[in-house]
Amino acid sequence: IRSTILANLKNTFSNLFVNGVSLTDMTFKYDNDLWKNHNEWPTLNEMRSSGQRLFLFHDRTEFRSTEYGFMFRDDVMKENFWEGLGDCTARYQWNSDKVSFPNSYLSWSRLFFMNHFDSIVGTVGEGLLGGGINGWGRLYPRIKQCMNSNGSIKPNFISLDWVIQAEEALEVAKYLNFGGRIGSGQVCVNDSHCATEACNKMLSLCQCKECDVNLLGSISCLGCEADQYCAPVENNLNECLISAATISIAPTGMPVKKPTISPTANPSSASPTAMPVEATVSPTTSHP
């Protein structure tokens, strides 16, 4: 049966075309000459340029095929156990850091396939704690939990259930790839329901985590951009602010002059003042 399945797969990949290109020509082949001088996995742009932009993983050793780009998952990835959110433990290859392709000298980093499933009813919908199972307050802390137990490896793939509500999950993936601001605005009862570790208990909303403007640059304020700090404003709601010492705003039509600091001045002796970002953002579920 398995040999028949493999034959059918090969036939499908050879005869199914996308814009005139067969799937076989689109699969990633680690032993291709394009990658022989790579010390690590190629970048997304490199794979797109090469045309080898389709990854195919399987769970049967006999399905391995470098010709077709069929990669056995245990050669390439590590994966956490799929059921439940209480912990993040090994399913396979948890303590292996490098790929183990047969007859290959490659020592690329092993990819992390992260499962994030919950069997509890009511994990999606409006007004759920942390934004629901795929919200910032549930998914992002779980990613950190998995990283703490797998050697600080960020997930390369995140497998979700209840994808009918995955907007915030896409925001989390974007943050992991490009940085930016951790999302806030989800319903909460305590800090553990928030990716920012800060719940406004009066409003029952996740907010940015308060931090000291004097430490700006040496720490990252959860829920704010890299050049912002977090402080309480109206109704004790925390908002992301920017230090007046880092920007200057001129009247319309006037050039902005950069602040100058005397060589003899002691920056630490000045009391920093704060002004809101031009477009201050209160916590929302759609704009992390």
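Checked against (1) under 28 Å from residue 42 (Cβ atoms); (2) aliphatic (A, V, I, L, M); (3) modelled with pLDDT under 95, residue 121 passes all but a single condition, namely (1).
Taking the criterion of being among the hydrophobic types (A, V, I, L, M, F, W, C), closer than 13 Å to residue 182 by Cβ and open to solvent by 70 Å² or more (accessible area, probe 1.4 Å), the only residue of the stretch 211-242 that qualifies is 226. As a summary of the residue check, residue 23 satisfies the conditions (1) in contact with a Lys or Arg (Cβ under 8 Å, 6 or more places away or on another chain); (2) farther than 18 Å from residue 156 by Cα; (3) free of Cβ contacts under 8 Å to residues at least 60 places away in the same chain; (4) crowded, with 18+ Cβ neighbours inside 10 Å except for the one numbered (1). Residues that are of a type in the set (A, V, I, L, M, F, W, C), assigned to a loop (DSSP other than H, G, I, E, B) and out of contact with any Ser or Thr (no Cβ under 7 Å at 6 or more places or on another chain) within the stretch 58-98 comprise 82, 85, 94, listed in sequence order. Of everything in the stretch 159-194 that's among the aliphatic types (A, V, I, L, M) and over 18 Å from residue 113 (Cβ atoms), which residue is surrounded by the fewest Cβ atoms within 10 Å (Cβ to Cβ)? Checked the stretch 159-194; the qualifying residue surrounded by the fewest Cβ atoms within 10 Å (Cβ to Cβ) is 164. Considering (1) farther than 19 Å from residue 239 by Cα; (2) open to solvent by 40 Å² or more (accessible area, probe 1.4 Å), the lone condition that residue 197 does not fulfil carries the number (1).
What is the one condition in (1) within 13 Å of the chain's Cα centre (by Cα); (2) more than 30 Å from residue 72 (Cα to Cα) that residue 159 does not satisfy? Among (1) within 13 Å of the chain's Cα centre (by Cα); (2) more than 30 Å from residue 72 (Cα to Cα), the lone unmet condition for residue 159 is (2).
For the stretch 42-62, a residue qualifies if it is open to solvent by less than 40 Å² (accessible area, probe 1.4 Å), closer than 21 Å to residue 98 by Cα and in contact (Cβ under 8 Å) with a residue 24 or more places away in the chain, and exactly one does: 56. Residues in the stretch 170-202 that are acidic (Asp, Glu) and over 15 Å from the mean Cα position of the chain (by Cα): 191, 197.
The values are calculated or read from the model by the stated rules, or taken from the named source; none is laboratory data. Since this is a predicted model, take the numbers as computed values, not measurements. Ideal geometry is used to build each Cβ from the backbone, glycine not excepted, and the neighbour counts take in all protein chains shown. These area figures cover heavy atoms from the full protein model, side chains too; ligands, DNA and RNA do not enter into them. Shrake-Rupley method; radii C 1.70, N 1.55, O 1.52, S 1.80 Å.
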